[in-house]
Amino acid sequence: MPRLPVWLIYLTIVAAMLLVALGRREHANAPRPPPPVPGADQAPIAPTSPFANAPLVRLPAKTTGGTAFSMNDRGVWLTAASTTRRCARPALVVADGWAAPAKLRTTHGDIAVLTTAAGAPPLPLATAVRPRSGDHGFLAGFSGGGPGEVAALYLGPDTGRERLAWAEIGRTDGLEDPLPGQAGAPVLNAAGEVTGMALADAPRRGRLDATTREALTEALAAASLTRSTAQPGQPIGLDNYGLAADSLRRDLSVIEVVCLR
């Protein structure tokens, strides 16, 4: 029986690996988020909302911004510095058509610290300082003016920079490139704890850059602010990260940042 050429064997192996990778990526995709409640954009904010008694402004035109997440239920938020750059009037979208004005307390490296008159349940920080190679991370945020999430695989520290490199392995079905609204989104580990923050300037497609966990606490310290006690995170995996992200957005623990004109 004639021997197969070496190049043909290698080609077969590469094709098999590619099929496996594509199959895993499809499995890692999350379903589309549920649609907004009909008529919600014309209704007053719900009386149970933590912002029910806070000063709000109507959102005249939806502008694509970024994502922020709560660190203190008294109104302390972290987001990417890129989302507030050249923005004189940042605000957080607390309901369809309604926004809470925010104050920029400080910018520390890649991170901006915002405060508002009211707050939402804070997210817990990861107990481990750094993720381990091969760990999964989950971004809960907003992309293109709507909710969206991304699943990623930890690669390691980004050489020469105080950032962590992640590889995208899944996203919300129908979510298109690019992902500017994910800037500022929390990167959650399998325990539902924040292990970093997503940044806007990923060097190439399929790659995500994020801050370290230490950078988040340093930014809060630079603003002379502290975290409040958070409830334990909910377990997150490739099979439920879309539902977990929806829950965090409903609680306003993860929220959209916009710039008011």
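The values are calculated or read from the model by the stated rules, or taken from the named source; none is laboratory data. None of these values were measured; they are calculated from a predicted model. No Cβ is skipped: glycine too gets one built from the backbone with ideal geometry, and neighbour counts run over all protein chains shown. Ligands, DNA and RNA are stripped out before the accessible areas are found, and what is left, the full protein with its side chains, is counted by its heavy atoms. Shrake-Rupley method; radii C 1.70, N 1.55, O 1.52, S 1.80 Å.
Quick notes on this one:
- Carbon/sulfur fraction of accessible area - segment 51-156, other protein chains in place, 1.4 Å, %: 50 percent
- Sorting 243-249, 50-56, 224-230 by their mean Cβ neighbour count within 10 Å, with the most densely packed peptide first, gives 243-249, 50-56, 224-230.
- Set the Cα radius of gyration of segment 67-164 against 2.2 N^0.38 Å, with N its number of residues, and you get 1.19.
- Per the Debye calculation on segment 115-158 with a single equal scatterer at every Cα and no solvent contribution, log₁₀ I(q)/I(0) for q = 0.14, 0.29 Å⁻¹ amounts to -0.54, -1.06.
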